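Below is one structure; the comments refer to it alone.
The values are calculated or read from the model by the stated rules, or taken from the named source; none is laboratory data. Values in this document were obtained by computation on a predicted structure and should not be read as measured data. Cβ atoms come from the backbone with ideal geometry, glycine included; neighbour counts cover every protein chain shown.
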Amino acid sequence: MNNFERRGLLQFVPPNFLPVNVLLIYSEEFLSDLREIFPAAQFFLLNEPNLIEKLPKTPKIFDLIIAKEVLTVGENFYSMLMAFNHLLKDSGALLTQFYNVRFVKVLENLRRGRFFNNERRFWAKADVVKLLDDAIYKEIHFLPGEREFSADDWEKFGFENFNDDLTTKIWLVKACKCTAEVVALKSLFTPEVRADLSRILHRIEYDIDAEENFLKLKELCEREGIFGEYLSDFIDQVVVHEAAKDFIRGRLMI
(Lines give C-alpha, C1' and ligand atoms only; values in the text may rest on other atoms or scores of the structure.)
Protein backbone atom coordinates (compact mmCIF):
# COMPACT_ATOMS: atom_id res chain seq x y z
CA MET A 1 0.00 0.00 0.00
CA ASN A 2 1.42 3.40 -0.96
CA ASN A 3 1.32 6.55 1.16
CA PHE A 4 -1.62 8.00 -0.75
CA GLU A 5 -3.78 4.98 -0.01
CA ARG A 6 -2.79 4.96 3.65
CA ARG A 7 -3.60 8.64 4.16
CA GLY A 8 -6.84 8.26 2.25
CA LEU A 9 -8.19 5.49 4.46
CA LEU A 10 -7.22 7.29 7.65
CA GLN A 11 -9.00 10.44 6.50
CA PHE A 12 -12.05 8.72 7.98
CA VAL A 13 -10.40 8.78 11.43
CA PRO A 14 -10.45 12.03 13.43
CA PRO A 15 -8.04 12.41 16.38
CA ASN A 16 -9.32 10.96 19.63
CA PHE A 17 -7.56 11.24 22.97
CA LEU A 18 -9.85 8.81 24.78
CA PRO A 19 -8.79 5.19 25.53
CA VAL A 20 -10.55 3.65 22.52
CA ASN A 21 -10.16 0.03 21.38
CA VAL A 22 -8.96 -0.57 17.82
CA LEU A 23 -8.80 -3.93 16.03
CA LEU A 24 -6.45 -4.24 13.03
CA ILE A 25 -6.99 -7.25 10.78
CA TYR A 26 -4.18 -7.81 8.30
CA SER A 27 -3.74 -4.03 8.52
CA GLU A 28 -0.76 -3.54 10.83
CA GLU A 29 0.85 -1.02 8.44
CA PHE A 30 -1.62 1.54 9.84
CA LEU A 31 -0.40 1.09 13.41
CA SER A 32 2.26 3.81 13.45
CA ASP A 33 -0.08 6.50 12.13
CA LEU A 34 -2.92 5.36 14.39
CA ARG A 35 -0.73 5.71 17.49
CA GLU A 36 -0.47 9.42 16.68
CA ILE A 37 -4.19 9.76 15.98
CA PHE A 38 -5.21 7.71 19.08
CA PRO A 39 -2.43 8.27 21.67
CA ALA A 40 -4.42 6.61 24.48
CA ALA A 41 -5.84 3.73 22.43
CA GLN A 42 -5.45 0.03 22.99
CA PHE A 43 -4.62 -1.81 19.77
CA PHE A 44 -5.29 -5.43 18.88
CA LEU A 45 -3.67 -7.11 15.88
CA LEU A 46 -5.10 -10.18 14.21
CA ASN A 47 -3.30 -11.87 11.31
CA GLU A 48 -4.57 -15.42 11.53
CA PRO A 49 -5.91 -18.04 9.15
CA ASN A 50 -9.50 -19.11 9.86
CA LEU A 51 -10.04 -15.53 10.95
CA ILE A 52 -13.69 -15.76 11.87
CA GLU A 53 -12.92 -18.49 14.43
CA LYS A 54 -10.22 -16.31 16.04
CA LEU A 55 -12.42 -13.25 16.62
CA PRO A 56 -13.55 -12.46 20.17
CA LYS A 57 -17.03 -13.57 21.14
CA THR A 58 -17.82 -10.59 23.40
CA PRO A 59 -20.06 -8.04 21.65
CA LYS A 60 -19.50 -4.30 21.42
CA ILE A 61 -15.85 -4.08 22.46
CA PHE A 62 -14.21 -2.13 19.60
CA ASP A 63 -14.55 1.52 18.61
CA LEU A 64 -12.84 0.93 15.27
CA ILE A 65 -12.06 -2.12 13.13
CA ILE A 66 -9.71 -1.78 10.17
CA ALA A 67 -9.83 -4.77 7.83
CA LYS A 68 -8.57 -3.48 4.51
CA GLU A 69 -8.84 -6.81 2.64
CA VAL A 70 -12.17 -8.13 3.92
CA LEU A 71 -13.85 -7.34 0.57
CA THR A 72 -10.83 -8.27 -1.53
CA VAL A 73 -10.01 -11.88 -0.67
CA GLY A 74 -11.98 -14.84 0.62
CA GLU A 75 -15.59 -15.83 0.17
CA ASN A 76 -17.49 -15.41 3.45
CA PHE A 77 -17.97 -11.66 3.01
CA TYR A 78 -21.38 -11.45 4.68
CA SER A 79 -20.36 -13.62 7.64
CA MET A 80 -17.23 -11.55 8.24
CA LEU A 81 -19.09 -8.25 8.05
CA MET A 82 -21.72 -9.51 10.48
CA ALA A 83 -18.98 -10.71 12.85
CA PHE A 84 -17.35 -7.28 12.77
CA ASN A 85 -20.72 -5.61 13.37
CA HIS A 86 -21.17 -7.80 16.46
CA LEU A 87 -17.80 -6.61 17.81
CA LEU A 88 -18.35 -2.89 17.20
CA LYS A 89 -19.71 -0.54 19.83
CA ASP A 90 -22.83 1.38 18.82
CA SER A 91 -20.67 4.38 17.93
CA GLY A 92 -18.08 2.20 16.16
CA ALA A 93 -17.13 1.85 12.51
CA LEU A 94 -15.45 -0.53 10.10
CA LEU A 95 -12.83 0.76 7.66
CA THR A 96 -12.08 -1.25 4.55
CA GLN A 97 -11.54 -0.89 0.79
CA PHE A 98 -12.39 -2.62 -2.46
CA TYR A 99 -11.25 -2.74 -6.08
CA ASN A 100 -13.74 -1.10 -8.41
CA VAL A 101 -15.06 -3.27 -11.24
CA ARG A 102 -16.16 -0.12 -13.13
CA PHE A 103 -12.63 1.32 -13.22
CA VAL A 104 -11.75 2.21 -16.81
CA LYS A 105 -8.65 -0.01 -16.88
CA VAL A 106 -10.77 -3.01 -15.85
CA LEU A 107 -13.31 -2.15 -18.53
CA GLU A 108 -10.58 -1.75 -21.14
CA ASN A 109 -9.14 -5.17 -20.28
CA LEU A 110 -12.59 -6.69 -20.60
CA ARG A 111 -13.08 -4.98 -23.96
CA ARG A 112 -9.84 -6.57 -25.12
CA GLY A 113 -10.86 -9.97 -23.77
CA ARG A 114 -8.51 -9.89 -20.79
CA PHE A 115 -9.45 -10.17 -17.14
CA PHE A 116 -6.60 -10.81 -14.73
CA ASN A 117 -8.33 -11.65 -11.46
CA ASN A 118 -5.34 -12.94 -9.48
CA GLU A 119 -7.74 -14.12 -6.76
CA ARG A 120 -8.70 -10.51 -6.05
CA ARG A 121 -12.40 -9.72 -5.79
CA PHE A 122 -13.79 -6.72 -7.70
CA TRP A 123 -17.02 -4.95 -6.69
CA ALA A 124 -19.40 -2.31 -7.96
CA LYS A 125 -20.16 0.32 -5.35
CA ALA A 126 -23.89 -0.51 -5.43
CA ASP A 127 -23.14 -4.16 -4.56
CA VAL A 128 -20.98 -3.10 -1.60
CA VAL A 129 -23.78 -0.85 -0.34
CA LYS A 130 -26.25 -3.75 -0.53
CA LEU A 131 -23.84 -6.12 1.21
CA LEU A 132 -23.23 -3.67 4.07
CA ASP A 133 -26.95 -2.93 4.35
CA ASP A 134 -27.64 -6.66 4.65
CA ALA A 135 -24.96 -6.88 7.36
CA ILE A 136 -26.86 -4.15 9.29
CA TYR A 137 -24.50 -1.22 8.91
CA LYS A 138 -26.50 2.00 9.08
CA GLU A 139 -24.25 4.66 7.52
CA ILE A 140 -21.82 4.08 4.64
CA HIS A 141 -19.27 6.61 3.39
CA PHE A 142 -16.87 6.39 0.43
CA LEU A 143 -13.62 8.12 -0.49
CA PRO A 144 -11.49 7.51 -3.60
CA GLY A 145 -8.29 5.68 -2.74
CA GLU A 146 -6.60 5.70 -6.13
CA ARG A 147 -7.69 7.57 -9.25
CA GLU A 148 -6.16 7.64 -12.69
CA PHE A 149 -6.95 7.65 -16.43
CA SER A 150 -9.56 9.60 -18.36
CA ALA A 151 -13.12 8.34 -18.67
CA ASP A 152 -13.93 10.33 -21.82
CA ASP A 153 -14.01 7.36 -24.20
CA TRP A 154 -16.17 5.29 -21.90
CA GLU A 155 -18.60 8.14 -21.31
CA LYS A 156 -18.97 8.32 -25.09
CA PHE A 157 -19.93 4.63 -24.99
CA GLY A 158 -22.75 5.54 -22.59
CA PHE A 159 -21.11 4.67 -19.25
CA GLU A 160 -22.08 7.07 -16.45
CA ASN A 161 -19.13 8.47 -14.49
CA PHE A 162 -21.09 9.37 -11.36
CA ASN A 163 -18.84 10.50 -8.50
CA ASP A 164 -15.78 9.75 -10.68
CA ASP A 165 -16.58 6.05 -10.40
CA LEU A 166 -15.00 5.20 -13.77
CA THR A 167 -11.68 6.80 -12.81
CA THR A 168 -11.45 5.35 -9.29
CA LYS A 169 -9.40 2.18 -9.00
CA ILE A 170 -9.89 1.65 -5.26
CA TRP A 171 -12.79 2.84 -3.14
CA LEU A 172 -12.23 3.39 0.59
CA VAL A 173 -15.18 2.61 2.85
CA LYS A 174 -16.33 3.64 6.31
CA ALA A 175 -19.31 1.59 7.51
CA CYS A 176 -20.86 2.79 10.77
CA LYS A 177 -22.77 0.43 13.03
CA CYS A 178 -25.42 3.07 13.86
CA THR A 179 -26.52 6.38 12.41
CA ALA A 180 -25.25 9.52 14.09
CA GLU A 181 -28.78 10.19 15.32
CA VAL A 182 -29.02 6.81 17.03
CA VAL A 183 -25.57 7.22 18.61
CA ALA A 184 -26.68 10.57 20.00
CA LEU A 185 -29.86 9.03 21.40
CA LYS A 186 -27.92 6.23 23.09
CA SER A 187 -25.36 8.58 24.62
CA LEU A 188 -27.81 10.52 26.81
CA PHE A 189 -29.45 7.80 28.89
CA THR A 190 -28.45 4.41 30.25
CA PRO A 191 -29.28 1.17 28.39
CA GLU A 192 -31.75 0.32 31.16
CA VAL A 193 -33.67 3.58 30.72
CA ARG A 194 -33.71 3.19 26.93
CA ALA A 195 -34.94 -0.39 27.27
CA ASP A 196 -37.80 0.72 29.53
CA LEU A 197 -38.68 3.52 27.13
CA SER A 198 -38.65 1.20 24.12
CA ARG A 199 -40.78 -1.42 25.85
CA ILE A 200 -43.42 1.09 26.93
CA LEU A 201 -43.60 2.64 23.45
CA HIS A 202 -44.02 -0.75 21.81
CA ARG A 203 -46.82 -1.65 24.21
CA ILE A 204 -48.60 1.61 23.38
CA GLU A 205 -48.02 1.07 19.64
CA TYR A 206 -49.73 -2.34 19.76
CA ASP A 207 -52.50 -1.14 22.10
CA ILE A 208 -51.43 -3.27 25.05
CA ASP A 209 -52.83 -1.56 28.17
CA ALA A 210 -52.28 1.71 26.32
CA GLU A 211 -53.68 4.06 28.99
CA GLU A 212 -51.67 2.42 31.74
CA ASN A 213 -48.51 2.60 29.62
CA PHE A 214 -49.06 6.26 28.77
CA LEU A 215 -48.99 6.93 32.51
CA LYS A 216 -45.81 4.84 32.86
CA LEU A 217 -44.26 6.76 29.97
CA LYS A 218 -45.00 10.13 31.57
CA GLU A 219 -43.65 8.92 34.92
CA LEU A 220 -40.47 7.60 33.27
CA CYS A 221 -39.89 10.87 31.42
CA GLU A 222 -40.39 12.94 34.59
CA ARG A 223 -38.17 10.67 36.70
CA GLU A 224 -35.29 10.44 34.22
CA GLY A 225 -35.54 13.93 32.73
CA ILE A 226 -36.41 12.71 29.22
CA PHE A 227 -37.23 15.86 27.27
CA GLY A 228 -39.65 16.27 24.37
CA GLU A 229 -37.14 16.51 21.51
CA TYR A 230 -35.34 13.38 22.68
CA LEU A 231 -38.61 11.49 23.09
CA SER A 232 -39.77 12.51 19.61
CA ASP A 233 -36.52 11.31 18.03
CA PHE A 234 -36.70 8.08 20.05
CA ILE A 235 -40.25 7.46 18.81
CA ASP A 236 -38.99 7.81 15.23
CA GLN A 237 -36.36 5.15 15.87
CA VAL A 238 -38.40 2.48 17.68
CA VAL A 239 -42.05 2.86 16.66
CA VAL A 240 -42.75 1.08 13.39
CA HIS A 241 -46.14 2.36 12.25
CA GLU A 242 -46.50 6.00 11.16
CA ALA A 243 -50.06 6.22 12.47
CA ALA A 244 -48.86 5.06 15.89
CA LYS A 245 -46.10 7.69 15.87
CA ASP A 246 -48.65 10.44 15.19
CA PHE A 247 -51.02 9.05 17.83
CA ILE A 248 -48.33 8.90 20.55
CA ARG A 249 -47.01 12.37 19.71
CA GLY A 250 -50.56 13.75 19.75
CA ARG A 251 -51.28 12.31 23.18
CA LEU A 252 -47.98 13.60 24.53
CA MET A 253 -48.27 16.92 22.65
CA ILE A 254 -44.71 16.79 21.25
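Number of residues in the range 11-26 that are under 20 Å from Gly145 (Cβ atoms) and more than 18 Å from the chain's Cα centre (by Cα) equals 1.
How many residues, within the range 160-207, are of a type in the set (Val, Ile, Thr), over 30 Å from Val106 (Cβ atoms), surrounded by 12 or more Cβ atoms within 10 Å (Cβ to Cβ) and more than 22 Å from the chain's Cα centre (by Cα)? Give the steps one after another, and end with the answer.
Within the range 160-207, the subset of a type in the set (Val, Ile, Thr) is 167-168, 170, 173, 179, 182-183, 190, 193, 200, 204.
Next, from what is left, pick out any that are over 30 Å from Val106 (Cβ atoms): 179, 182-183, 190, 193, 200, 204.
In the following step, the residues that additionally are surrounded by 12 or more Cβ atoms within 10 Å (Cβ to Cβ) were identified as 179, 182-183, 193, 200, 204.
With the extra rule that they be more than 22 Å from the chain's Cα centre (by Cα), the set shrinks to 193, 200, 204.
Within the range 160-207, residues that are of a type in the set (Val, Ile, Thr), over 30 Å from Val106 (Cβ atoms), surrounded by 12 or more Cβ atoms within 10 Å (Cβ to Cβ) and more than 22 Å from the chain's Cα centre (by Cα) number 3.
What are the residues in the range 130-143 that are of a type in the set (A, V, I, L, M) and outside any strand (DSSP E or B), if any?
Taking the range 130-143 and keeping what is of a type in the set (A, V, I, L, M), we get 131-132, 135-136, 140, 143.
Leu131, Leu132, Ala135, Ile136 - these are the residues of the range 130-143 that are of a type in the set (A, V, I, L, M) and outside any strand (DSSP E or B).
Close contacts from the range 202-229, counting a first residue that is at pLDDT below 95 and aromatic (Phe, Trp, Tyr) and a second that is in a helix (DSSP H, G or I) and exposed (fewer than 11 other Cβ atoms within 10 Å of the Cβ), with Cβ to Cβ under 6 Å and a gap of 6+ residues or different chains, come to none at all.
Mind checking which residues of the range 57-76 are in contact with a strand residue (DSSP E or B) (Cβ under 9 Å, 6 or more places away or on another chain) and more than 21 Å from Phe30 (Cα to Cα)?
Residues of the range 57-76 that are in contact with a strand residue (DSSP E or B) (Cβ under 9 Å, 6 or more places away or on another chain), as a first pass: 59-72.
Once the filter is applied, which keeps residues that are in contact with a strand residue (DSSP E or B) (Cβ under 9 Å, 6 or more places away or on another chain) and more than 21 Å from Phe30 (Cα to Cα), the range 57-76 yields Pro59, Lys60.
Are there helices (runs of 4 or more DSSP H) fully within the range 198-254 with at least 1 residues that are closer than 15 Å to Leu185 by Cβ and small (Gly, Ala, Ser)? List them. Walk me through how you get there before you give the answer.
Values: elements: 210-224, 228-238, 242-252.
Result: 228-238.
When each of Phe43, Phe38, Phe62 is tested for being modelled with pLDDT of 95 or more, in contact with a Gly (Cβ under 7 Å, 6 or more places away or on another chain) and surrounded by 14 or more Cβ atoms within 10 Å (Cβ to Cβ), the lone residue that passes is Phe62.
If the condition is being at pLDDT below 95 and in contact with a helix residue (DSSP H, G or I) (Cβ under 6 Å, 6 or more places away or on another chain), then the range 116-138 contributes only Ile136. Cβ separations smaller than 8 Å between residues 6+ apart or across chains give the following pairs from the range 6-18 residues that are basic (Lys, Arg) to residues that are at pLDDT 90 or above and surrounded by fewer than 16 Cβ atoms within 10 Å (Cβ to Cβ): Arg6/Glu29; Arg6/Asp33.
Filtering the range 1-31 to residues that are at pLDDT 95 or above, among the polar types (S, T, N, Q) and either loosely packed, with under 13 Cβ neighbours inside 10 Å or within 14 Å of Met80 (Cα to Cα) (or both) leaves nothing. Looking at the range 217-230, is at least one residue over 30 Å from Ala126 (Cβ atoms), exposed (fewer than 12 other Cβ atoms within 10 Å of the Cβ) and within 30 Å of the chain's Cα centre (by Cα)? Yes; the residues of the range 217-230 include at least one that is over 30 Å from Ala126 (Cβ atoms), exposed (fewer than 12 other Cβ atoms within 10 Å of the Cβ) and within 30 Å of the chain's Cα centre (by Cα).
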